[in-house]
Structures are given as C-alpha cells and as structure tokens.
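S.K.: Below is the structure I would like to discuss, written out as structure tokens.
Taken together, the values in this text are just the output of simple stated rules run on the coordinates, not laboratory data. Just so it is clear, the structure is predicted and the values come from calculations on it, not from any experiment. Don't worry about glycine lacking a Cβ; one is built from the backbone with ideal geometry, like all the others, and counts go over all protein chains shown.
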Amino acid sequence: MKRHLGVLLTVVGTALAFLAVASAAQATPPAAPYQDFAGCPSPAEDDTVAFCLKTVTDGGHIQFGKKNVPITNPIVLRGGLSQLTGSFVANSEGGIVPVRQTVEGGLVGLTGLSWLDEALAGKEQLKVYAVVELAGQPSSLLELPFSLPIKIHLENAVLGNSCYVGSNENPIQLNLTTGTTNPPAPNTPISGQEFSELAPEAGRPEVLTGENGIFVDNSYAVPKANGCVLNIGSQHYNIDWLVNAATGLPAAAGTNTTVQDFDISVVSPQVVYP
C-alpha cells in the first residue's frame, strides 16, 4: 500500500537514524557503489543528516510560456535531509546535476528570427538546450507541496553564456505535489501520483527506492528571460525582447504546467561514508 510521502520518509528517516555509527573524522568521497549519492553531506560535514536522498526525474515536461520542454535526459537532485529540521541539505556536489534537454524549434523558434537558418553555417549552432538549475533553497520533502526554486539556462553556441529564464532573485517557484493541484484559471486541476512502497534496491539492499512517482504543478509563474545575447561575428545584440516575445514571457500563474515522472532513493549517510 502506498503511503503519503511525508509519513513514509519520516519513518525511513527514523529507521536510518537508528542505524547510525560513529561519525568519520573528516569528509571523504562516497564509497563504492554509492557514488550516485555524492552531494549528501558526510557525517564529518554535517552530523545532523538523517539520510541521503536522490530523486531521478526521467520523464515528463517543463513548460515556460509557449515553450514545452520534454524531459528526455534524467534530472537528478541529490543531497540529504536534516533530522533536526527536515530541510534539504547538500555539499558542493549536491543540488541538481546539470543535464541538457533539447528545446524544440531551436534558435529560430526561440527568437523568431527565421533568417538564422541560413545565416548560421552549422546546424549545431541552431540547437538550443535547456538546463534546469537550482535558484534557491528547496523545502523539505517531508511535506508537500515540495517547493523547488529553479532557473532555466538556455544554452546555444551563439546565444552567449548568460541567457536564463528565472534567476536567484526571481526564480521559477515550483510547488510540486503528488496530489491534486488547485491552479488559477485558465489551468484546471491535475493530479500526480505517489511513488511505490520503498523497497531494497537489487544489488544494494541498504538503498531503499520508491518508483513511478509523478510530481505535478500548474500554478507557477515564469518571469522574463534575461542575459540573452546573439553573437554574429563581431556583432553582439541583446535579444531578451525577442526571446520573451517568441516564448510568451513573462507567463502568469495558471498558464504553465510541469509533469515530472520520478523515482526516489534513500540510504544512511553512514553507508555512503563508512
């Protein structure tokens, strides 16, 4: 039987806390085969970590304005949860692991400049990728909705290095739930799905994994794009206004939707850092 996310993780956190042994004298890299939990603070870095955590989003989509980006490459969030506050904690290897998602329509669709198709010699120069990055402190996964502030880095060979939708100061504030949303119009409620009962992972029984969860949110707003510069030869043009016009940004709450298929895994930090 499936349980509520917060209740289930509270039980797991309590159980793993009882498995704790003496803390290591100093932080060390994760032991094999637990390198995928890099990002979880070691006991030497933070002895209040109840358990190490990893979520893998391997399907769904993220919408910002008129752009709907399919999640085709798994997005990994890794860190740990504090037994004192339930808050998400991470070291320098934690947070969202950078991974590219292809933006359909490429540079022409992002800017509305059809002449770029002929002006740029290489087809790679026309491709645009979206990389989801953290833009603040996530909330605790012990309670839903799970608040996840993000920004989307739009990467392209000629677009410059600083083209973002959202920022640390003005993030896209996702409030993810496995339940049912209550969005402003014109969006209507949608429902997610709780992950399966946590079970020992094959080959790593110390790791407990729940599968086939679905996070949803269709109540978030998306701010304007900023820092978008088109570099053609020696010429550099700020094209924020073109990107915003072509993608319909800013986009008010109730006009954007994300659906994220995810698995979740937890393990004691004393297993990751023996």
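S.K.: Provide the net charge surrounding I71, with neighbours chosen by a C-beta distance below 12 Å and charges set as Lys +1, Arg +1, Asp -1, Glu -1.
M.R.: Within the 12 Å Cβ shell, the charges total -1.
S.K.: Starting at 0 and stepping by 5 Å, how many percent of the alpha carbon pairs of the stretch 175-253 end up in each bin?
M.R.: 3, 13, 12, 12, 10, 11, 10, 9, 9, 7, 3, 1
S.K.: Can you tell me the length gained on complete extension of the stretch H236 to D58, counting 0.36 nm per residue apart and subtracting the Cα distance?
M.R.: On the way: separation 178, 0.36 × 178 = 64.08 nm, distance 3.64 nm.
Between H236 and D58, full extension yields an extra 60.4 nm.
S.K.: Relative contact order of the chain, please, whole-number percent, based on alpha carbon pairs below 8 angstrom and at least 6 residues apart.
M.R.: Numbers: 714 pairs, mean separation 60.9, N = 274.
Once divided by the residue count of the chain, the mean separation gives 22 percent.
S.K.: Counting only pairs 8 or more residues apart or on different chains, how many lysine pairs in the chain have their Cα atoms under 27 Å apart?
M.R.: Close lysine pairs found across the chain: 15.
S.K.: Still on this structure: Give, to the nearest whole percent, the P(r) tail of the stretch 113-260 beyond 25 angstrom, counting all Cα pairs.
M.R.: 44
S.K.: Give the range of the longest stretch in the chain that excludes all GluC sites (Glu not before Pro) found in loop regions by DSSP and having at most 15 other beta-carbon atoms within 10 Å.
M.R.: 1-103
S.K.: Which distance in nm do the two modelled labels at A157 and N170 give, with both placed 7 Å along the Cα-to-Cβ direction?
M.R.: My value for the distance between the label points is 3.2 nm.
S.K.: Follow-up question, since we're still on this one. In the P(r) worked out for the chain, what percent of Cα pairs fall beyond 25 Å?
M.R.: Values: 18453 of 37401 pairs.
Within the chain, distances greater than 25 Å cover 49 percent of Cα pairs.
S.K.: Something else about it: For the chain, modelled as a GNM with alpha-carbon contacts under 10 angstrom, which of T247, T188, T55 fluctuates the most?
M.R.: Looking only at T247, T188, T55, the largest GNM fluctuation is found for T188.
S.K.: Between helix 5-18 and the chain, what is the angle of the helix's C-alpha long axis to the longest principal axis, kept within 0 to 90° and rounded to the nearest 10?
M.R.: Between helix and principal axis, roughly 50 degrees.
S.K.: A further question follows. Not counting the cut sites, what is the longest span of the chain without trypsin sites (Lys or Arg not before Pro) that DSSP labels loop and that have at most 16 other Cβ atoms within 10 Å?
M.R.: 128-274
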